[in-house]
1. Just checking, how many residues over region 377-390 are out of contact with any helix residue (DSSP H, G or I) (no Cβ under 6 Å at 6 or more places or on another chain), assigned to a loop (DSSP other than H, G, I, E, B) and modelled with pLDDT under 95?
2. For region 246-265: of the residues being part of a loop (DSSP other than H, G, I, E, B) and free of Cβ contacts under 8 Å to residues at least 24 places away in the same chain, which is surrounded by the most Cβ atoms within 10 Å (Cβ to Cβ)?
3. Please determine, by comparing only the residues of region 277-296 that are surrounded by fewer than 16 Cβ atoms within 10 Å (Cβ to Cβ), assigned to a loop (DSSP other than H, G, I, E, B) and touching a strand residue (DSSP E or B) at 6+ places or on another chain (Cβ under 7 Å), which one is modelled with the highest pLDDT.
4. Does any residue of region 171-180 turn out to be within 29 Å of residue 130 (Cβ to Cβ), surrounded by 12 or more Cβ atoms within 10 Å (Cβ to Cβ) and in contact with a strand residue (DSSP E or B) (Cβ under 9 Å, 6 or more places away or on another chain)?
5. Would you say residue 303 is touching a helix residue (DSSP H, G or I) at 6+ places or on another chain (Cβ under 8 Å) and over 22 Å from residue 199 (Cα atoms)?
6. How about region 352-370: which of its residues are modelled with pLDDT under 95 and touching a helix residue (DSSP H, G or I) at 6+ places or on another chain (Cβ under 6 Å)?
7. Which of the residues spanning region 172-187 are assigned to a helix (DSSP H, G or I) and without any contact (Cβ under 8 Å) to a residue 60 or more places away in the chain?
8. (1) outside any loop (DSSP other than H, G, I, E, B); (2) more than 24 Å from residue 127 (Cβ to Cβ): which one isn't true of residue 153, the others all being true?
């Protein structure tokens, strides 16, 4: 008898609760913007997120509103969590990536496709004669500038991952039979210049039988790949500095490790769900000591360039090396210092000529990964170097 009155009383309560939940849901993004409730790690998007626009008066209202919209799109509440859910859904259900700069290969392999890597792989991009000449001018100007002060020079090129492991590229993506841009570059330099250019591709391809040299889910080589490349670097340096002897692999203990997935997995929000099994740890085998690594800021007696360099010191070594490098060069810190008393690692591609003049190292090493060699404008680097002014 009383069921209908009870339903009549309950219905408004249920409707009210639904409205409250709906309003609370709408307010969640605003609450996160204020209270930072979303603890999801920020994903790498290979771009700079929009900054809050400056308001320059009513006359500039339209660009301000456009900038404000971009800012809100990049910073609304719980954006990181929603991105991760979206990436997980696409990856697990449809086997797709939200990041167009990543190619899914066979057997879980991933490849970085930006910076001209895939265009070069497919043969749709080529150097012209002027570009090759510009590279020659840059490297010769660096080599000759150093030589005037008795310093030596070496240019080193780590390979793109697809150059060493093309067998895991999807079969629908066909490799070109024409020479790659790096093939063009090395052939041109050999024919027109005496600057020593160390192309690490042949060494890395031959060393594949030693073990995995690149992880499946990262753009960079692993510790074994970095060490083998550093061995070849030492061989090249020994042609200019005869006292240098490459460190043998058996001077280190090698241990296979399972680690979190690499930077490519991080870019698609899969770093927590995937593991990397093709990594290893190399540790010095006694009596070989571990190298000491410190930041340049820990040596206040010198005026260091930016960004703050990392220094390796070896009491038993002789001479000093300075290396300008990209992210591949970080992995050489545990190894390169065995050949010198001190190595200064500078994470930049343009030179600080004033620093080199003050430091006067025995040798300067340029390390630049293949994908940068084929895309960087050497004229801009030459302008940044400003060697003519020093």
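The values are calculated or read from the model by the stated rules, or taken from the named source; none is laboratory data. The model shown is predicted, which means the values in this text are computed figures rather than measured ones. Heads up, the Cβs are rebuilt from the backbone with ideal geometry, glycines too, and the neighbour counts pull from every protein chain shown.
1. Of the residues in region 377-390, 1 are out of contact with any helix residue (DSSP H, G or I) (no Cβ under 6 Å at 6 or more places or on another chain), assigned to a loop (DSSP other than H, G, I, E, B) and modelled with pLDDT under 95.
2. Residues of region 246-265 part of a loop (DSSP other than H, G, I, E, B): 246-248, 261-262.
Cutting the leftovers down to free of Cβ contacts under 8 Å to residues at least 24 places away in the same chain gives us 246, 248.
Details: 246: 17, 248: 8.
The selected residue is 246.
3. Only one residue tops the list, namely 285.
4. Looking through region 171-180, none of the residues is within 29 Å of residue 130 (Cβ to Cβ), surrounded by 12 or more Cβ atoms within 10 Å (Cβ to Cβ) and in contact with a strand residue (DSSP E or B) (Cβ under 9 Å, 6 or more places away or on another chain).
5. The answer is yes for residue 303.
6. Correct list: 353 only.
7. Step one: list which residues in region 172-187 are assigned to a helix (DSSP H, G or I), which gives 181-187.
Correct list: 183, 184, 186, 187.
8. Only one criterion is unmet by residue 153, namely (2).
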